[in-house]
Each structure stands twice: as C-alpha cells, then as structure tokens.
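Q: Quick one: the structure is below, questions incoming.
The values are calculated or read from the model by the stated rules, or taken from the named source; none is laboratory data. Everything quoted here is computed from the prediction, not taken from an experiment. Ideal geometry is used to build each Cβ from the backbone, glycine not excepted, and the neighbour counts take in all protein chains shown. Surface accessibility is based on the protein's heavy atoms, side chains included, excluding ligands, DNA and RNA. Shrake-Rupley method; radii C 1.70, N 1.55, O 1.52, S 1.80 Å.
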Amino acid sequence: MDMESLTIFCAVASELSVTQAAARLGRAPSSVTTRIQQLEADIGAELFVRTNKRMALTAAGERFLEYAQRLLALAEEARHVVTGGRDGGTLRVGSMESTAASRLPALLAAYHARHPATRLALSTGPSRPLIEQVRTGLLDCAFVALPPSFGGAAALEELGLASMAVWREELCLLLPASEGQARSAMDVRTRSLAAFPQGCTYRGIAEKVLDVAGSTQWQVQEMNSYHTMIACVAAGACVTLLPASVLALSDAPATLTTLPAGEIDTVLVWRAGFDVPAFRHLLAQVGEAAL
C-alpha cells in the first residue's frame with residue numbers, strides 16, 4: 001500500500017477504466033492492472049467489479065477510496081510543510097455553488113497570481129456535506145453558510161473546526177412574472193420550489209420563509225445549478241431563493257419579481273490546527289476581503 005499504488009487506484013476509481021487511467025498517468029495498461037491486482041491482494045478484498053470492459057467500485061472499493069484520498073493528501077501536506085511551502089503543494093477548497101460563481105473568481109485569481117506554484121483544487125456542494133468533508137480531511141477548507149439551527153462557531157468548534165465570517169449575502173426570493181403582486185412570502189401562490197439537494201442552507205431558509213413544511217401543497221424540485229433554477233422561475237414553473245450577488249450575474253428577465261429574504265454570512269471553515277503555508281496564504285488573503 002505505497003503512495004504510487006494509491007495514486008494508481010485513485011486514477012482508476014476516477015476514470016473507471018484501466019486504459020483511460022493508464023493514459024492519464026502515462027503508464028502501460030498492463031502495469032496499471034498489475035498494480036491494482038497487487039493492491040487488492042495486499043488488502044485482501046476486491047476493489048473493483050469487472051464486467052466485460054466495464055468497471056465499478058465494490059463496496060470495499062468505495063470505502064477504501066476515501067482513505068486513499070486522505071492518505072495521498074496527508075503525504076502531500078507533509079511534504080509541503082517540511083519544505084516550508086517551496087513545492088507549492090495543493091490546496092483543496094470546497095465552496096457553495098453561489099460563492100464559487102460570485103465571490104471566488106477574483107479571490108482565487110489573485111491568490112494564483114501571488115502563489116503560482118500552489119495548485120488550487122476547487123469542488124462545490126451543499127454546506128453540510130462540505131463541512132463534513134473538511135472535518136474528515138477530504139477538503140482543506142470550505143466556504144459555507146451555516147443554518148440558524150446549526151449553532152454557529154461554537155458548534156463548529158465541537159467538530160474540531162475553526163471559522164471566519166467572510167462575506168454577508170443578501171438573500172432574495174425570485175418569483176415568476178405572474179407573482180408581480182406579491183409583497184411578502186405569504187402572498188406567493190406558486191407552490192413549487194426549485195432548490196439544491198438536502199444539506200443546502202439556502203434551501204432550508206427558503207423552506208422556512210415559504211412555510212413549505214406547513215403545507216401539503218408544496219413540491220420541491222431538486223436542481224444542481226442556479227441557471228436551471230432561474231430558467232424554471234422564468235418559465236413560471238416555480239420560485240427559488242438565491243443570493244442577490246448571484247442574481248446580479250445572471251441574465252434573468254427583468255419581468256421576474258424579487259422579495260427580500262434576509263441576510264446570511266458566508267463562512268470559511270477549516271480544521272483547527274491546520275497550518276500549512278498554502279492555507280496560511282489563503283487565510284491572509286481572505287482576511288483582506290472579510291467583513
């Protein structure tokens with residue numbers, strides 16, 4: 001179970017193809033196959049199911065993948081720390097879709113200009129899964145929004161996480177043109193909410209503002225992009241909640257109605273004690289943009 005074998009395993013798990021993983025790694029397919037077989041023999045479990053030319057992770061493979069990713073990340077972190085950051089390293093950043101669209105482009109571009117040797121790996125998702133990925137070490141840090149019921153910084157500390165409030169977002173309900181007479185959430189007649197999957201803080205806020213739980217008439221349509229949500233609102237099919245900063249970047253028709261839905265902070269979270277040069281540089285830069 002050496003670093004090279006773990007790297008090969010993660011590549012095959014990502015591609016689900018020995019041929020494609022081999023091309024990505026610059027190795028012969030036979031070499032990749034041998035390494036996977038040796039790793040399976042060492043662990044004592046099959047990591048992949050092979051059917052004709054198709055591959056899929058077994059249950060054991062799915063569990064092992066998380067450990068392999070963490071081991072590789074820890075090895076890179078150790079190298080980065082002991083060299084004082086000379087090798088640049090990789091910083092794995094998580095973010096909500098909204099923050100990635102409206103806030104991070106300028107921040108990460110400036111970071112790259114200052115620290116070009118550091119590779120930034122950005123992944124997006126709902127806040128709760130991102131927090132869990134930071135806690136377990138799959139991410140180094142993440143930009144999230146904490147729901148009112150979460151417990152704030154104190155709850156993060158109990159999970160072994162540190163935090164910093166960075167941006168304050170103005171939230172708004174976006175309604176179809178047919179809802180032009182609505183003056184509050186109580187006036188909204190449309191009974192379909194477009195939102196990200198469970199775990200999204202903004203979805204929770206929307207459900208509370210619209211009292212979705214208090215009515216059997218509401219339906220929630222789960223989507224994975226604000227572009228799709230805005231399009232569905234424009235089509236008159238649903239309502240959605242999003243930051244005003246994201247709406248400003250869109251080409252939403254001027255005929256759509258907006259209602260204020262409060263404010264919420266975007267928070268940067270990281271593991272307490274996590275102190276590598278690449279992250280220190282990011283934290284310093286985020287501090288310049290913080291509230």
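Q: Where the accessible area of segment 197-291 is counted over protein heavy atoms with a 1.4 Å probe, how much of it, in %, is carbon and sulfur? Each step should come with its number before you reach the end.
A: On the way: 2350 of 4570 Å².
Here it works out to 52 percent.
Q: Amide H neighbours of residue 192 under 5 Å, at least 5 residues apart or on other chains, H built in the peptide plane: list them.
A: 219, 239
Q: Shape of segment 61-167 from its Cα gyration tensor (a ≥ b ≥ c, root eigenvalues): rounded if a/c is under 1.5, otherwise prolate when a/b > b/c, or oblate?
A: Note, shape of segment 61-167 comes out oblate.
Q: Measuring from centroid to centroid over Cα atoms, what is the spacing of segment 1-17 and segment 218-270 in Å?
A: 38
Q: From the helices alone, meaning DSSP H stretches of at least four residues, give me the mean residue ellipticity at 222 nm for the chain, per-run term -39500 (n - 2.57), in deg cm²/dmol to the nearest 500.
A: Counting only the DSSP helices, I get -13500 deg cm²/dmol.
Q: Can you order the peptides 76-83, 267-274 by their average number of other Cβ atoms within 10 Å per residue, highest first?
A: Descending packing order for the listed peptides: 267-274, 76-83.
Q: Rounded, prolate or oblate for segment 207-273? Axes are the square roots of the Cα gyration tensor eigenvalues, ordered a ≥ b ≥ c, and the cut-off for rounded is a/c under 1.5.
A: Oblate, because a/c is 1.5 or more while a/b does not exceed b/c.
Q: Enumerate the amide H contacts of residue 172 below 5 Å, restricted to partners 5 or more residues apart or on another chain; note that Pro and chain-start residues carry no placed amide H.
A: So residue 172 has HN proximity to 242, 244, 261.
Q: Please calculate how many Å² of accessible area segment 89-184 carries per residue, with a 1.4 Å probe and no DNA, RNA or ligand atoms counted.
A: 42
Q: Step through the residues of segment 236-245 one at a time and calculate ³J(HN,Hα) from phi using the Karplus curve (6.51 cos²θ - 1.76 cosθ + 1.60, θ = phi - 60°), rounding each to whole Hz and writing x for Gly and Pro.
A: In residue order, the calculated couplings are x, 8, 6, 10, 8, 10, 7, x, 4, 5 Hz.
Q: Let me ask something else. Sort 156-167, 192-203 by the packing proxy (mean of other Cβ within 10 Å over each peptide's residues), most packed first.
A: 192-203, 156-167
Q: For Rg/Rh (Cα atoms, Kirkwood Rh), several values are listed as (1) 0.94; (2) 1.04; (3) 0.96; flag the one computed from this structure.
A: So the calculated entry is the one marked (2).
Q: Give me the extension gain from residue 170 to residue 58: residue separation times 0.36 nm, minus the current Cα-Cα distance, reported in nm with one decimal. Before the final figure, lay out the partial values.
A: Values: separation 112, 0.36 × 112 = 40.32 nm, distance 4.38 nm.
Here the answer is 35.9 nm.
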